[in-house]
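Enquirer: The following block contains the structure, expressed as structure tokens.
The values are calculated or read from the model by the stated rules, or taken from the named source; none is laboratory data. Values in this document were obtained by computation on a predicted structure and should not be read as measured data. FYI the Cβ positions are ideal-geometry reconstructions off the backbone, even for glycines, and counts take in every protein chain you see. Side chains included, ligands, DNA and RNA excluded: accessible areas come from the protein's heavy atoms. Shrake-Rupley method; radii C 1.70, N 1.55, O 1.52, S 1.80 Å.
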Amino acid sequence: MRVRDSLLAAVAILAGGSLLSLGLADYSLRLLNLSVISAVAVIGFNVAFGLAGLISLGHAAFVGMGAYTLAILTTKLGWSPWLAAPVGVAVTTLFAALIGYPLLRLRGHYLALATLGLNVSFTIVTANWIALTNGTNGISGVPPFAVAGLAIDDERRFLWLGLVALAVVAAAAVALQRSRHGRAMMAVRDDETAARMSGIDVTRTKVAALCLSAAAAGLAGVLFATHVRFVAPEDFNYAHSIVYLAMLIVGGEGTVVGAVIGAALLTFLPEWLRGLGDAYLAFFGLMMLVILIFLPTGLIGLVRMAARLRFRRGAAATSRGAP
């Protein structure tokens, strides 16, 4: 069942992304690619926040770590992106493991503030360590991935790479959520004391959730660096962490589908509402308020409500038609 659900999630993402790409202009394809990259990051964020209940406001720092690792290895040391990418993911995951044990002693808003400080520190370091990161000028000329000598250097080619990465991450997230490890994370989220009394190693479970979340974020950073071909500190500041949180809340925390929906919607929303100008921020704030009050489970909750309503209507029609 878990393997089947994971495969279905992967196939659905590949098929849906392929259909969406048909007939789109380059700018729309670029937005679609950015939404795919964001979806990879938000699915990772969902592991920490949605499953394990870790209130983190530093997810963009993990994305930036993956992006900067690949950018430095490829531009300064001449590595192939295919070799630098797994190193970027590994470095991000290792960093999460190192900070996880001391950081996850904190809970609630203390953890949120600590992770926010981590993100601010990451931005300060990347902006001032000029010898390594080029400071606020950023690192340009990041090489793209290439397959059989063909560079993945345009929007349509990159979309296929991004969709494959998203499908793999989504399938892994679905498998995790339905596994005993995922259930352990949800148990820790709901009641740490009860989870500990039932034999769950709470600290190890939290660190594992943070590491898996960071690994997906590192992969998103790798994709971002090879897509945009440029990285700079402002691409990964704390505001982006808040955007990832908003994407998950809008789509629906605790679900892979909600993470993908929220990432796509909030990537395209500024373009759709371009005519509002500065009033867009007011609209966005109002939308978030409405969702938090009336749709606490996000847009995926609205979909579930509609599905239940159709089921009830179908059952009522069947019962009326029965002899």
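Enquirer: Among (1) part of a loop (DSSP other than H, G, I, E, B); (2) more than 30 Å from residue 27 (Cα to Cα), there is one condition residue 153 misses while meeting the rest; what is its number?
Expert: With (1) part of a loop (DSSP other than H, G, I, E, B); (2) more than 30 Å from residue 27 (Cα to Cα) applied to residue 153, the lone miss is (2).
Enquirer: Give me the pairs, please: first residue somewhere in segment 120-137 and farther than 14 Å from residue 62 by Cβ, second residue anywhere and surrounded by fewer than 15 Cβ atoms within 10 Å (Cβ to Cβ) and polar (S, T, N, Q), beta-carbon distance under 6 Å, and either six or more positions apart or on two chains.
Expert: Sorted first by the residue in segment 120-137, then by its partner, the pairs are 127/136.
Enquirer: Would you confirm, using the coordinates I've provided, whether residue 131 is within 18 Å of the chain's Cα centre (by Cα) and farther than 28 Å from residue 264 by Cβ?
Expert: Spelling it out, it is not the case that residue 131 is within 18 Å of the chain's Cα centre (by Cα) and farther than 28 Å from residue 264 by Cβ.
Enquirer: Please specify each residue of segment 40-88 satisfying the condition of being open to solvent by 20 Å² or more (accessible area, probe 1.4 Å) and among the small types (Gly, Ala, Ser).
Expert: 53, 78, 80
Enquirer: Taking only segment 124-172 into account, find how many residues are touching a Lys or Arg at 6+ places or on another chain (Cβ under 6 Å) and aliphatic (A, V, I, L, M).
Expert: Here is the first cut: in segment 124-172, the ones touching a Lys or Arg at 6+ places or on another chain (Cβ under 6 Å) are 142, 155.
So of that shortlist, the ones also aliphatic (A, V, I, L, M) come out as 142.
Matching residues across segment 124-172 total 1.
Enquirer: Residue by residue through segment 90-121, note down the ones that are of a type outside the set (A, V, I, L, M), part of a helix (DSSP H, G or I) and out of contact with any Gly (no Cβ under 6 Å at 6 or more places or on another chain). Please lay out each step first, then the result.
Expert: Taking segment 90-121 and keeping what is of a type outside the set (A, V, I, L, M), we get 92-93, 95, 100-102, 105, 107-110, 115, 117, 119, 121.
Filter once more, so that each one left must be part of a helix (DSSP H, G or I): 92-93, 95, 100-102, 108-110, 115, 117, 119, 121.
Residues satisfying the conditions are 93, 95, 100, 101, 102, 108, 109, 110, 117, 121.
Enquirer: Okay, moving on. Only one of these is in a helix (DSSP H, G or I), out of contact with any Ser or Thr (no Cβ under 7 Å at 6 or more places or on another chain) and under 30 Å from residue 72 (Cα atoms): 282, 209. Name it.
Expert: Only one candidate qualifies: 209.
Enquirer: Given the conditions (1) surrounded by fewer than 21 Cβ atoms within 10 Å (Cβ to Cβ); (2) closer than 14 Å to residue 226 by Cα; (3) aliphatic (A, V, I, L, M), report the number of the one that residue 148 does not fulfil.
Expert: Unmet condition: (2).
Enquirer: Could you tell me whether segment 189-201 includes any residue that is over 21 Å from the mean Cα position of the chain (by Cα) and closer than 23 Å to residue 239 by Cβ?
Expert: Within segment 189-201, none of the residues are over 21 Å from the mean Cα position of the chain (by Cα) and closer than 23 Å to residue 239 by Cβ.
Enquirer: Then there's this: Go through the residues of segment 107-123 one by one and say whether even a single one is farther than 19 Å from residue 42 by Cα and touching an Asp or Glu at 6+ places or on another chain (Cβ under 7 Å).
Expert: Looking through segment 107-123, none of the residues is farther than 19 Å from residue 42 by Cα and touching an Asp or Glu at 6+ places or on another chain (Cβ under 7 Å).
Enquirer: Let me ask something else. Among the residues of segment 202-231, write down those that are over 19 Å from the mean Cα position of the chain (by Cα), among the hydrophobic types (A, V, I, L, M, F, W, C) and open to solvent by less than 40 Å² (accessible area, probe 1.4 Å).
Expert: Listed by number, the list holds a single entry, 202.
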